[in-house]
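J.: Below you'll find the structure I mean.
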Amino acid sequence: MKEPLSSRLLFPWVERRFTYGEYGRFLDRLGDRRVVPMREFARGAGDLALRHDVDSRLASALELARLEHDRGFSATYFVLHTAPYWREPTLLPQLRRLQELGHEVGFHNDLVTLQRLENLDAAAYLRDQLQRLRSGGIEIVGAAAHGSPWCHRLGFHNNYVFAGWDEPVPGFPATEVPQKLDPADFGLEYEAYHVPRDVYFSDSTFMDGRRAHPADLRLEPGKRTIVLVHPCHWDSSPRAKAARLVRKAAGKLRR
């Protein structure tokens, strides 16, 4: 069910803490943690990994990336091949900039969505997309399943496309897929949801009607922690957030 427009317009108020300044203050709390990108965390290094699923707004991801770089932290940015920015000519330069800032780039997997909706050859498509990135200087060894709205409507999980990462997930009973892939055939070493950890935080969860904010995360010594932050929720200020959401709502009304 779509959220009513009225509730969307309240987001600047209820999500007013989701600003770049607040994210910087969260990062300042991590000075005593061994922060590493997901690929290193998956190999057993570090005790905290910063993960970003870039569902939209790659420019916002670059803002977070600069804040992390300025504090000496490396994070992982999973980029979505079904997002509008994927077709932009600026994609590869922006991803190279993420790497220049010391960050890892990963593949945000929406393959089952394309299999179901477009009858796509997932193997050929994935090979082509990874080749595009790698030939452009982007190193890709990790994947993270995307929670497409179609997953909930049709009952599938995007990890079902990969053998070894395809265990049934509660709430997603449609486990059969047209084509099953071996991650190793595509140079993929790890899947983000399958990386062992003690603590997992995501700003896609809600508590008491409010989006979870990393500032509220209790950092426990000795606990290996993954923090998932979606760049699409963050803005320079509440006013900028309000202006962006008004533009977005107006665009939907014109359709």
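J.: Residue by residue, what Karplus-based ³J(HN,Hα) values in Hz, rounded to whole numbers, does segment 192-202 have, using 6.51, -1.76 and 1.60 with θ = phi - 60° and x for Gly and Pro?
T.: Residue by residue, segment 192-202 yields 4, 6, 9, 7, x, 7, 8, 10, 10, 10, 9 Hz.
J.: Taking amide H positions as placed in the peptide plane 1.01 Å from N, state which residues far from Leu120 in sequence (5 or more) or on other chains have amide H under 5 Å from it.
T.: Excluding prolines and chain starts, which carry no amide H, the hits are Gln115.
J.: Using a 7 Å offset from the Cα along the Cα-to-Cβ direction at both Arg29 and Arg16, what is the distance between the two label points in nm, to one decimal?
T.: 2.0
J.: On to the next question. Taking the Cβ of His194 as the centre, find all other residues whose Cβ is under 12 Å away and add up their charges (Lys, Arg: +1; Asp, Glu: -1).
T.: Combined, the nearby Lys, Arg, Asp and Glu give -3.
J.: What does DSSP give for segment 60-207 in terms of the percent of beta bridges that are antiparallel, rounded to the nearest 5?
T.: In segment 60-207, approximately 10 percent of DSSP beta bridges are antiparallel ones.
J.: Whenever you get a sec, compute what percent of the accessible area on the chain sits on carbon and sulfur atoms (1.4 Å probe).
T.: In the chain, the share of accessible area belonging to carbon and sulfur is 52 percent.
J.: Follow-up question, since we're still on this one. In the neighborhood of Phe156, defined by Cβ-to-Cβ distances under 9 Å, what is the net charge if each Lys or Arg adds +1 and each Asp or Glu adds -1?
T.: Here the count lands on 0.
J.: Sticking with the crude label model, points 7 Å out along Cα→Cβ, report the distance from Ala243 to Asp70 in nm, one decimal please.
T.: With each label placed 7 Å out from Cα toward Cβ, I get 1.9 nm.
J.: Pairs of alpha-carbon atoms within less than 8 angstrom and 6+ residues apart define the contacts here; what relative contact order does the chain have, in percent?
T.: Contact order relative to length: 26 percent.
J.: Can I ask one more? From the Cα gyration tensor of segment 154-255, with a ≥ b ≥ c the square roots of its eigenvalues, which class applies: rounded if a/c is under 1.5, or else prolate if a/b is larger than b/c, or else oblate?
T.: oblate
J.: Could I ask something else about it? Going from most exposed to least, what order do Glu40, Glu100 have by accessible area with a 1.4 Å probe? Intermediate values should be presented prior to the final figure.
T.: Values: Glu40 70, Glu100 125 Å².
If we order Glu40, Glu100 from most to least accessible, we get Glu100, Glu40.
J.: Continuing with the same structure: At Thr90 and Phe206, where each label point lies 7 Å from the Cα along Cα→Cβ, what is the point-to-point distance in nanometres?
T.: My value for the distance between the label points is 3.1 nm.
J.: Which number do you get for Rg(Cα) / (2.2 N^0.38 Å) in the chain?
T.: Values: Rg = 18.1 Å, N = 255, 2.2 N^0.38 = 18.1 Å.
Computed over Cα atoms of the chain, the ratio equals 1.00.
J.: Could I ask something else about it? Return the long-range amide H neighbours of Asn109 (sequence gap of 5 or more, or a different chain), with a cut-off of under 5 Å between placed amide H atoms.
T.: Result for Asn109 returns Ala144, Ala145, His146.
The values are calculated or read from the model by the stated rules, or taken from the named source; none is laboratory data. Nothing here was measured: the structure is a model prediction, and the numbers come from that model. Cβ sites come from the backbone with ideal geometry, for glycine too, and all protein chains shown count toward neighbours. Keep in mind that these areas ignore ligands, DNA and RNA; they rest on the heavy atoms of the full protein, side chains included. Shrake-Rupley method; radii C 1.70, N 1.55, O 1.52, S 1.80 Å.
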